[in-house]
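A short worksheet on the structure shown next.
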Amino acid sequence: MIAHLSGTLLSKEPTSVIVDVNGVGYEVAIPVSSFYDLEDVGSTVKLRIYTHVREDTLQLYGFKTARERELFLKLISVSGIGPKLGITLLSGMSADEMIASIRTNNLARLVLIPGVGRKTAERLIVELREKVAEMSSAELEEELGGKPEVSAESTEDTVRADALSALLNLGYQRSAAEKAVDAALGEGGDITVESVLRRSLKKLARV
């Protein structure tokens, strides 16, 4: 099983990347939280990997930190939660927010994530409350990272389109996603996909 990849970042999207390792390009699904901390295209990147194998599928899931991968493995150990929903869960909130929601029985926060119903949220809390306890003291800064500079060709329209596409891929309804992205852009600040996505997800969490 592939557990780690180190190579050149060929392309990156909010929910997937392609990493060139000695001439072989690996497509890896990632959570938005890992996208925030990715290096620029062309840089060397290192990802912790979970390899999901079924009869007709071999899919790689990547994470910037060992802590994110560990939390992902705990999430998909819960009945009814597969790797795709596990990635969506980690994209809907940071690792620290996820751990806090589980430990404090915050059903209302968990069911805001696309694909998570009340029964799934209840299973998360019941099955993982004790298991995530040892993770709650890890440093918050690990998920935040630095904010990349806006490239010269970046425009508000392209950032809006990319952020909207990422939210739709995560399962949010178009109308709600558009309102959140527009509100995030209206606040000013950094006009990058990473910063707009982060602000948009916070707004969607308060709906």
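For the residues V45, V32, V19, the requirement of being crowded, with 19+ Cβ neighbours inside 10 Å, over 23 Å from L201 (Cβ atoms), outside the structural domain of L201 (by TED's automatic domain parsing) and not polar (S, T, N, Q) singles out V19. For segment 106-134, taking the residues that are of a type in the set (G, A, S) and part of a helix (DSSP H, G or I), the one that is surrounded by the fewest Cβ atoms within 10 Å (Cβ to Cβ) is identified as A108.
Among all positions in segment 81-104, there is no residue which is over 21 Å from K202 (Cα atoms) and modelled with pLDDT under 85. For residues that are over 16 Å from the mean Cα position of the chain (by Cα) and either in the same structural domain as S195 (by TED's automatic domain parsing) or not polar (S, T, N, Q) (or both), tally how many sit in segment 84-108. Number satisfying all stated conditions: 5.
Scanning segment 173-207 for residues that are loosely packed, with under 13 Cβ neighbours inside 10 Å and either under 18 Å from the mean Cα position of the chain (by Cα) or under 16 Å from S94 (Cβ atoms) (or both) turns up Q173, R206.
The values are calculated or read from the model by the stated rules, or taken from the named source; none is laboratory data. Here the structure is a predicted model, which means the values were calculated and not measured. With ideal geometry, Cβ positions are generated from the backbone for all residues, glycine too; neighbour counts draw on all protein chains shown.
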